[in-house]
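Q: Structure below; questions to follow.
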Amino acid sequence: MASHSAVHARANGLSAVDPMNAGLCRNWSWMLVRGMLAIVFGALTLLMPIVALRTLILLFGAYLLADGIVGIIAAVRAARAEERWRWLVFEGLLGIVAGGLAIALPGIALLGFVLLASAWATLTGIAMLLAAVRLHKERGRGWMALAGPLSILWGGLLFLGPIAGAIVLTLWIGAYALAFGILLVVLSLRLRARRAQPETLAADANSERDRDEKIGEAAR
């Protein structure tokens, strides 16, 4: 009975996977576009990290402004409905002020972001060291004891050289986008080749179905 249920589960899984595969093959071009955009973004970030960093700060400032405006609108609606609205106003004003400062003074916004990352890395490293003291040796105490000082060192370097640290962070973002874009392009081309051979997909599905039927007959 359990084997029979497993066969039905696999058959249902196959019927759910086949449309998904077909959909991916049909939309391979959109995945290719996503990959190309990621490659372009990653390459430009690696080639011009300063420009990319300023652009990211401006985009983040615009996001904060928009979020603050939405918060003010939500506060007005809450006030009309006689609900709590003061914290919404405070949150909205804070977002507007922070977004305006990020756009008007991107250097200060960059410094604040890097210092925040420095504090996070330092506190994380300290927490890892404290956890490594109580962790058993066979459960990875050495690795955690190694990761803790590295995180503290990274936080200290960010604090001592915030501009250089921000550039390094930007380069990491660019490298990630470049690698992610290449993977998407390779995947889209494989999907395109698969789409050009629909008989292969049908053959795979039929072979899986035949095998499930044989297993079902044997289970009975």
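Q: Of the residues in the stretch 57-73, how many are open to solvent by less than 60 Å² (accessible area, probe 1.4 Å) and either hydrophobic (A, V, I, L, M, F, W, C) or modelled with pLDDT of 90 or more (or both)?
A: 6
Q: Would it be correct to say that residue 88 is under 24 Å from residue 165 (Cβ atoms), at pLDDT below 90 and of a type in the set (A, V, I, L, M, F, W, C)?
A: no
Q: Does residue 32 meet the test of being out of contact with any Cys (no Cβ under 6 Å at 6 or more places or on another chain) and either over 30 Å from residue 108 (Cβ atoms) or of a type in the set (D, E, K, R) (or both)? Spell out how you get there, then give the answer.
A: Numbers: out of contact with any Cys (no Cβ under 6 Å at 6 or more places or on another chain): yes; either over 30 Å from residue 108 (Cβ atoms) or of a type in the set (D, E, K, R) (or both): yes.
So residue 32 fits the description; yes.
Q: Among the residues of the stretch 74-113, count how many are touching a Leu at 6+ places or on another chain (Cβ under 8 Å) and in contact (Cβ under 8 Å) with a residue 24 or more places away in the chain.
A: Our first condition is that a residue be touching a Leu at 6+ places or on another chain (Cβ under 8 Å); within the stretch 74-113, this holds for 74-75, 78, 95-96, 98-100, 102-103, 106, 108-110.
The next check asks that each one be in contact (Cβ under 8 Å) with a residue 24 or more places away in the chain; those that pass are 95-96, 98-100, 102-103, 106, 109-110.
The number of residues fulfilling the criteria is 10.
Q: Does residue 116 satisfy the criteria of being surrounded by 14 or more Cβ atoms within 10 Å (Cβ to Cβ) and in a helix (DSSP H, G or I)?
A: Working: surrounded by 14 or more Cβ atoms within 10 Å (Cβ to Cβ): no; in a helix (DSSP H, G or I): yes.
So residue 116 fails the test.
Q: Scan the stretch 135-158 and tell me whether some residue there is of a type in the set (A, V, I, L, M), modelled with pLDDT under 75 and in contact with a Leu (Cβ under 9 Å, 6 or more places away or on another chain).
A: Scanning the stretch 135-158 turns up at least one residue that is of a type in the set (A, V, I, L, M), modelled with pLDDT under 75 and in contact with a Leu (Cβ under 9 Å, 6 or more places away or on another chain).
Q: For the stretch 99-113, enumerate the residues that are under 27 Å from residue 73 (Cα atoms) and surrounded by fewer than 18 Cβ atoms within 10 Å (Cβ to Cβ).
A: Matches in the stretch 99-113: 100, 101, 103, 104, 105.
Q: Yes or no: the stretch 172-194 includes at least one residue that is closer than 30 Å to residue 121 by Cα and at pLDDT below 60.
A: Checking the stretch 172-194: not a single residue is closer than 30 Å to residue 121 by Cα and at pLDDT below 60.
Q: Let me ask you something else. Residue 131: open to solvent by less than 50 Å² (accessible area, probe 1.4 Å), at pLDDT below 80, out of contact with any strand residue (DSSP E or B) (no Cβ under 8 Å at 6 or more places or on another chain) and not aromatic (Phe, Trp, Tyr), yes or no?
A: yes
Q: Among the residues of the stretch 119-128 satisfying the criterion of being among the β-branched types (Val, Ile, Thr) and open to solvent by less than 60 Å² (accessible area, probe 1.4 Å), which is modelled with the lowest pLDDT? I'd like the intermediate steps shown before the answer.
A: Kept after step one, since they are among the β-branched types (Val, Ile, Thr), are these residues of the stretch 119-128: 122, 124, 126.
Subset that is open to solvent by less than 60 Å² (accessible area, probe 1.4 Å): 122, 124.
On the way: 122: 90, 124: 85.
My answer is 124.
The values are calculated or read from the model by the stated rules, or taken from the named source; none is laboratory data. Not measured: the values here are computed from a predicted model. Neighbour counts run over all protein chains shown; Cβ positions are idealised from the backbone, glycine included. For accessibility, only protein heavy atoms count, side chains too; no ligands or nucleic acids. Shrake-Rupley method; radii C 1.70, N 1.55, O 1.52, S 1.80 Å.
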